[in-house]
Every structure is written in C-alpha cells, then in structure tokens.
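Structure first, then comments.
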Amino acid sequence: MNFMKKDITNNHMNECIVIEFNPWLYAHNSNLITLFFDELSKNIKPFDSTLSSDFVDYSKILSSIGTPETKLASTIVDFISPPSKLGDKISAINDSIKKIGKKIVIFVDDIDRLDSTEIMEVLKLIRNISNFPHMYFIVAYDKEYLLNCIKDKTHDKELDYAEKVFQIEFVLP
C-alpha cells in the first residue's frame with residue numbers, strides 16, 4: 001500500500017486526491033462512519049467546501065441507520081439541523097465530485113484488526129459510498145479473518161458479501 005500511495009503521490013497528484021483511513025486507530029469508537037467522513041471531508045475541503053459539508057450531511061444520514069447510540073446522536077444532530085433528503089444529497093455529491101475532476105483514492109488499512117461489528121460497519125461504509133463517481137478504495141486485510149468475522153452477520157454468505165464489496169482482489173504473500 002505504501003508503494004501505491006507513493007506512486008500516486010509522486011506521479012499522479014494532479015489527477016488524484018489521496019486519503020488514508022485506518023479504522024483500527026478508532027476501534028471501539030461509537031461511530032466509525034462519522035470518523036471516516038470527518039477524514040474525507042477534511043481532505044476534500046481544499047477542493048470543494050460544499051462537497052465537504054455534503055459528505056458530513058451524508059454521514060449523518062448513514063449514521064442514523066446504525067446502532068442505537070449512533071441513532072440517538074444522529075437524532076440530536078438532526079433536531080438542531082435537519083438533513084436533506086438522501087436522494088438529493090447523493091445527487092449533490094455526485095455532481096460535486098464530477099466538478100472536481102479528480103479521482104478520490106482512499107486507502108483503508110488494518111480492518112483485520114477490528115472485531116466483527118466494526119468490520120461490518122467499515123464494509124457497509126465502503127459499499128455505501130463506492131458508488132459515487134471517481135471514488136476508489138484500496139483495502140488491505142487478511143481475507144480468512146475477514147470472512148470468519150462476517151460469517152454470522154451475513155448468514156453464511158460471507159464470500160458473496162465480500163465479493164460485492166471488493167470487485168478486484170490482489171493476493172499478496
């Protein structure tokens with residue numbers, strides 16, 4: 001991953017925005033989704049401040065789908081500042097990303113150090129935002145550990161679930 005980051009940074013910085021997210025650093029935090037979008041928003045802000053705030057709003061919407069704790073936090077935030085409709089927010093994000101004209105490459109490391117609930121949260125996060133244009137995830141993980149962790153949560157269809165999240169896989173020794 002470090003070689004890929006270095007290559008992109010040295011040879012493709014005009015074409016890409018590189019973002020690093022290590023969920024293990026935030027393990028056992030109440031909401032990895034919010035922490036991820038905070039990092040994404042911070043890195044996008046120099047290119048488009050509106051997109052940055054749209055990502056924060058989108059994270060509130062996604063967080064409201066999560067655990068009881070995140071639902072409570074989201075409800076409090078929504079009371080203060082109600083979020084826009086999900087479809088409108090997705091359209092606004094899509095348009096803003098296209099206007100930036102850069103690929104957004106997100107490196108995610110150490111998900112195999114998380115527990116099964118945290119892994120599912122990260123996988124759902126990737127699944128929910130990888131459909132935005134020009135967004136690419138490079139994720140490093142131990143496949144066997146990941147599949148074992150998500151087995152109970154995917155009703156013994158862990159390989160099918162993982163293949164929907166990760167379309168291309170490179171196995172390293």
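Every number in this text was worked out from the coordinates using simple rules, so none of it is lab data. All of these numbers come straight from a predicted model, not from anything done at the bench. As a convention, Cβ positions derive from the backbone with ideal geometry for all residues, glycine included, and neighbour counts pool all protein chains shown.
In a Debye calculation with equal point scatterers on the alpha-carbon sites of region 115-167 and no solvent, what is log10 I(q)/I(0) at q = 0.27 Å⁻¹?
Result of the Debye calculation: -1.16.
Asp110's amide H: which non-local residues (gap 5+, or another chain) put their own amide H closer than 5 Å, with H modeled 1.01 Å from N in plane and none for Pro or chain starts?
Amide H to amide H, under 5 Å and 5 or more residues apart or across chains, Asp110 pairs with Ala140.
Quick one: which of 20-26, 55-61 comes out on top by average Cβ neighbours within 10 Å, and what's the full order, highest first?
55-61, 20-26
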